[in-house]
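The values are calculated or read from the model by the stated rules, or taken from the named source; none is laboratory data. The shown structure was predicted, so the numbers you read here are calculated from the model rather than taken from an experiment. Cβ coordinates were reconstructed from backbone atoms using ideal geometry, including for glycine residues, and neighbour counts include every protein chain displayed. Quick note on the areas: whole protein, heavy atoms, side chains included, nothing else; ligands and nucleic acids left out. Shrake-Rupley method; radii C 1.70, N 1.55, O 1.52, S 1.80 Å.
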Amino acid sequence: KIVTSKMATLGLQANPYPGLEPFDHRTTHRFFGREAVTQDLFTLFQKFYQSDTRFLAILGASGSGKSSVLQAGLLPVAEEEEDQEEEEKEESEVRDQQTYRYDGLRRIADTLTRPLLLVIDQFEELYIQCPNPKEQAILIANLTAAVQDSGRQVAVIVVLRTDCLGET
C-alpha cells in the first residue's frame, strides 16, 4: 500500500503485470497482446466442443503464459459466449443412457442443469503428485468417458508443460 500511495503521489499508474503470477479473471482488463492466440484457442475450443470428444490441451514451455492465456483470455471469452447462447437457448435435450466403467464425472454432470467445463491447469501434477499408475489411469479414463459422452454435458481443457509430455 505504501508503494501504491507513493506511485499515486508521483502520478504513476500501477504496474499492469502481475510478475511471476499468471493473469486471471481479475486481471483480464490488463491482459492484452494475446488476442489472436485467445481467438485461435476459442475457435479450437468451439470446434472440439461440437465434435465427439470435447477435449482441448494447451501445451507450452514452463513460463510461456499458458495459464494466463487460459484464465485471462480463453475462459472470459468462453463465458461471454455462453452467456449470449444461454439467453437464446431453450432446454430440450434428451440424454443417452450409456454406461462406462469409470463414469463418475459424467454421472455428476448428468445432474447439472447446464454443461460442465472442467479446467485442469498444471495437468503434469497428475504424474508428479500421484505416482500410482493405476490411479492416473482411472482419472484419465474418467475424463475420457465424460468428454466422449453423447450427452455433451462435459468439456475438458488441460494445461500441460511440454517438458512433461513424456510422462503422459
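Would you pick out the residues in segment 51-78 that are small (Gly, Ala, Ser) and either over 23 Å from Gly151 (Cβ atoms) or open to solvent by 20 Å² or more (accessible area, probe 1.4 Å) (or both)? Break it down into steps so the answer makes sense when it comes.
Taking segment 51-78 and keeping what is small (Gly, Ala, Ser), we get 51, 57, 60-65, 67-68, 72-73, 78.
Within segment 51-78, Ser51, Ala57, Gly60, Ala61, Ser62, Gly63, Ser64, Gly65, Ser67, Ser68, Ala72, Gly73 qualify.
Residue check: is Glu87 acidic (Asp, Glu) and either open to solvent by 70 Å² or more (accessible area, probe 1.4 Å) or at pLDDT 80 or above (or both)?
For Glu87, the condition - acidic (Asp, Glu) and either open to solvent by 70 Å² or more (accessible area, probe 1.4 Å) or at pLDDT 80 or above (or both) - is met.
Please give the number of the condition Tyr49 fails out of (1) closer than 30 Å to Gly166 by Cα; (2) in a loop (DSSP other than H, G, I, E, B); (3) modelled with pLDDT under 85.
(2)
Take the residues in segment 3-25 that are open to solvent by 90 Å² or more (accessible area, probe 1.4 Å) and outside any helix (DSSP H, G or I); name whichever of them is modelled with the lowest pLDDT.
Of everything passing the filter in segment 3-25, Leu12 is modelled with the lowest pLDDT.
Considering Thr28, Thr38, Thr99, which residue is modelled with pLDDT of 80 or more and among the polar types (S, T, N, Q)?
Thr38
So, Ile128, is that one among the hydrophobic types (A, V, I, L, M, F, W, C), modelled with pLDDT of 80 or more, open to solvent by 70 Å² or more (accessible area, probe 1.4 Å) and more than 18 Å from the chain's Cα centre (by Cα) or not?
Taking the combined requirement at face value, the residue satisfies it.
In segment 112-168, which residues are under 18 Å from Leu41 (Cβ atoms) and among the basic types (Lys, Arg)?
Within segment 112-168, just Arg161 meets the criteria.
Would you please list the contacts, defined by Cβ atoms under 8 Å and residues six or more apart or on different chains, that run from a residue in segment 52-68 that is part of a helix (DSSP H, G or I) to a residue that is modelled with pLDDT under 90 and open to solvent by 40 Å² or more (accessible area, probe 1.4 Å)?
Pairs that qualify, where the first residue is part of a helix (DSSP H, G or I) and the partner is modelled with pLDDT under 90 and open to solvent by 40 Å² or more (accessible area, probe 1.4 Å), are Ser67/Pro22; Ser68/Pro22; Ser68/Arg34.
Scan segment 141-151 and tell me whether some residue there is within 19 Å of the chain's Cα centre (by Cα), surrounded by 17 or more Cβ atoms within 10 Å (Cβ to Cβ) and part of a strand (DSSP E or B).
no
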